[in-house]
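As structure tokens, the structure follows; a few thoughts come after it.
The values are calculated or read from the model by the stated rules, or taken from the named source; none is laboratory data. All figures in this text were calculated on a predicted structure; none of them were measured in a lab. All Cβ positions, even for glycine, are placed from backbone atoms using ideal geometry, and neighbour counts span all protein chains on display. To get the accessible areas, we keep the full protein, side chains included, count just its heavy atoms, and leave off ligands, DNA and RNA. Shrake-Rupley method; radii C 1.70, N 1.55, O 1.52, S 1.80 Å.
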Amino acid sequence: MKIKEVLSALERFAPLPLQESWDNAGLQVGLTEAEVSGVLLCLDVNEHIVDEALAKGCNLIVSHHPLLFHGLKQVSGADYVQRTVIKAIKNDVCVVSMHTNMDNAMGGVNWKIGDRLRLKDMQFFAGKTVDGVEAGSGVTGVLPEPMEAAAFVQLVKRQFGVECALCNELLQRPVSKVAICGGAGDFLLPNALAAGADAFITGEMHYHVFFDYEQKLQICVIGHYQSEQYTSEVFRDIINKECPGVRTEIAETNTNPIKYY
């Protein structure tokens, strides 16, 4: 199977028109007529990810975050993006990214977060329709059983393996309906409240946005990388279903640049 067939399968699931206007999802580097030797699935792309792809015999990398957000005015190795592009091209490795189109797609990033918490009745909130396709930046779902806020925060930490969660004061009523936006999602806080959510999970938020949600909404911020770390499983499931016989590998390289001490 050719790389372009894998790319087509991913784009059928999460069409590129679903991406935000500022984004750069899709093909990043390489030629898509080559046959696939293996696919390495990851959140971010850097030189270490290309090294892992080479070690595992993969000539296609599928990432969530694009390697190229802005046009390159030179390719000289001056930063990690340029060095990664050079290494990928030299070794005939193709790089594809599925970013906000996968965030906005039904069954995408936010649905995977909900699956980790075993949420039921998941649906978009602040949804939209793009070229006839239902989409949305956030998802709501209902816990199997209502939980006290402290227990809910511990559940989230456990399911996403986080050292700590940034929260506002603990809600003094049970948490049942949960709103989700992986990555940087504080722009959806008003929508989550309007949707009747008891809690809101996201990856990162600005300091001042925390104000004025006390006892209205349990905020739980778990880290950008941590919130989206299982996106590779979404890629794997799409490729396994639509491209039988193509070998997939979930990257072992942790690309999170943020360390907790």
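How about the range 1-91: which chymotrypsin sites (Phe, Trp or Tyr not before Pro) there are in a DSSP loop, with at most 16 other Cβ atoms within 10 Å of their Cβ?
Listed in order of number, the matching sites are TRP22, PHE69.
Please label the shape of the range 1-93 as rounded, prolate or oblate, based on the square roots a ≥ b ≥ c of the eigenvalues of the alpha-carbon gyration tensor (a/c under 1.5 means rounded; beyond that, a/b larger than b/c means prolate, else oblate).
Verdict is oblate for the range 1-93.
At 1.4 Å probe size, put ARG118, ARG173 in order of accessible surface, largest to smallest.
ARG118, ARG173
Using a 10 angstrom cutoff on alpha carbons, build the Gaussian network for the chain and name the most mobile of VAL29, VAL62, VAL109.
VAL29
Between GLU169 and TYR80, how many nm apart are label points set 7 Å from Cα along the C-beta direction?
Distance between the two pseudo-spin positions: 3.9 nm.
Compute the relative contact order of the range 109-167 as a whole-number percentage, counting only Cα pairs closer than 8 Å that sit 6 or more residues apart in sequence. If you can, show how the numbers build up before the last one.
Details: 59 pairs, mean separation 17.8, N = 59.
So the answer I get is 30 percent.
Distance from the Cα centre of the range 1-65 to that of the range 90-111, in angstrom?
With the range 1-65 and the range 90-111 each reduced to a Cα centre, they are spaced 7 Å.
Output the 0 to 90 degree angle, nearest 10, between the alpha-carbon long axis of helix 149-160 and the longest principal axis computed from the alpha carbons of the chain.
Compared with the principal axis, the helix lies near 10 degrees.
Using only the alpha-carbon atoms, what does the chain span along each of its principal axes? Please give whole angstrom values in decreasing order.
57, 42, 31
Against the longest principal axis of the chain, how steep is helix 231-242, in degrees 0 to 90 to the nearest 10, with axes from Cα atoms?
Once rounded, the angle reads 60 degrees.
Counting pairs of alpha carbon atoms under 8 Å apart in space and at least six apart in sequence, what relative contact order in percent does the range 88-214 give?
For the range 88-214, the relative contact order is 21 percent.
Taking Cα pairs under 8 Å and at least six residues apart, what relative contact order does the range 176-261 come out at, in percent?
24 percent
With 25 Å as the limit, write out which pairs from LYS157/LYS177; LYS177/LYS259; LYS177/LYS241; LYS56/LYS157 have Cα-Cα distances beyond it, or answer none.
Cα-Cα > 25 Å for LYS177/LYS259; LYS177/LYS241; LYS56/LYS157; rest within.
Could you state the angle between the C-alpha long axis of helix 3-13 and the longest principal axis of the C-alpha atoms of the chain, as a value from 0 to 90 degrees rounded to the nearest 10?
Helix 3-13 sits roughly 20 degrees off the main axis of the chain.
Give the residue list of GluC sites (Glu not before Pro) in the range 1-80 that are DSSP loop and have at most 11 other beta-carbon atoms within 10 angstrom.
Values: sites: GLU5, GLU11, GLU20, GLU33, GLU35, GLU47, GLU52; in loops: GLU20, GLU33.
Qualifying residues, ordered by number: GLU33.
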